[in-house]
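Reviewing the structure listed below.
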Amino acid sequence: MNIIVVGCGQLGTRLANTLCRLGHDVAVVTRKADEFSDLGDDFSGITVSGVPLDQDVLEQAGIEECDVLLAVTGNDNQNIVISQIAKEIYHVPKVITRIMDPVRETVFENFGMHTVCPTKLAATTVINTVLDEISDQMITFGVHTADFEVRSDKRWVGKMVCEIPVHEDEMIYAVIDASGALRLNLDPERVIGKNERVVFSSLVD
């Protein structure tokens, strides 16, 4: 895919490097050219220095042929405007916007924007760590919300994932092993071990 990463801070740098390693064509846009040095020698994409709100700058980065644009600068207002330009003027198929303010994130989600709020993600992680458990919770992905519930049953020990009963409209999302690690991409024949918990998910809207 052709991907534009707008912003070259810690998040933008990590995204750009990871996406490059995965084989995607990546362009990074930032107004501070000195930030490009953080990408490292292995970065194989292109870099464009300039004001990200400038359409000429975005076109230099290839927005007209762009499949995905990630607006991840440290400025919510700038990310929102860049995302609107990408969606409404250039019709980029997928635009993801970083918004630090949880209240504003909710507002723009209701407008159909795909948003990520590091503040909310960090708060959830810290709370779960303080409570020393993964609580049942609802998580929003774009405009959809999924309900996650963690359950355990001694009768499941020794059974395969595919043998665990599920309620209507739900699925097994992951297994939390005895060390507390979350195991995704489950093999249906994976056997449930002692002290393991199962994470069930269902779409609620």
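Just so you know, all these numbers are worked out from the coordinates, no wet-lab data involved. Source: prediction; values computed, not measured. Cβ coordinates were reconstructed from backbone atoms using ideal geometry, including for glycine residues, and neighbour counts include every protein chain displayed.
Below are the figures for this structure:
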quantity: Order by protection proxy (mean Cβ within 10 Å, highest first), peptides 148-157, 19-28, 1-10; calculated: 1-10, 19-28, 148-157
quantity: Low-density loop cleavage sites - GluC sites (Glu not before Pro) in the range 159-205, where at most 15 other Cβ are within 10 Å (DSSP); calculated: Glu168, Glu170, Glu189
quantity: Net lengthening on full extension, Asp101/Leu121 (0.36 nm per residue, minus Cα-Cα); calculated: 6.0 nm
quantity: Cleavage-rule hits (chymotrypsin sites (Phe, Trp or Tyr not before Pro)) in the range 1-106: DSSP loop, at most 15 neighbouring Cβ within 10 angstrom; calculated: none
quantity: Alpha-carbon centroid distance for the pair the range 43-71 / the range 177-197, whole angstrom; calculated: 41 Å
quantity: Rounded FRET efficiency, nearest 0.05, which uses the C-beta distance separating Lys154 from Asp67 and R0 of 41 Å; calculated: 0.30
quantity: Debye, to nearest 20: dipole size of the range 19-116, +1 on Lys, Arg Cβ, -1 on Asp, Glu Cβ; calculated: 260 debye
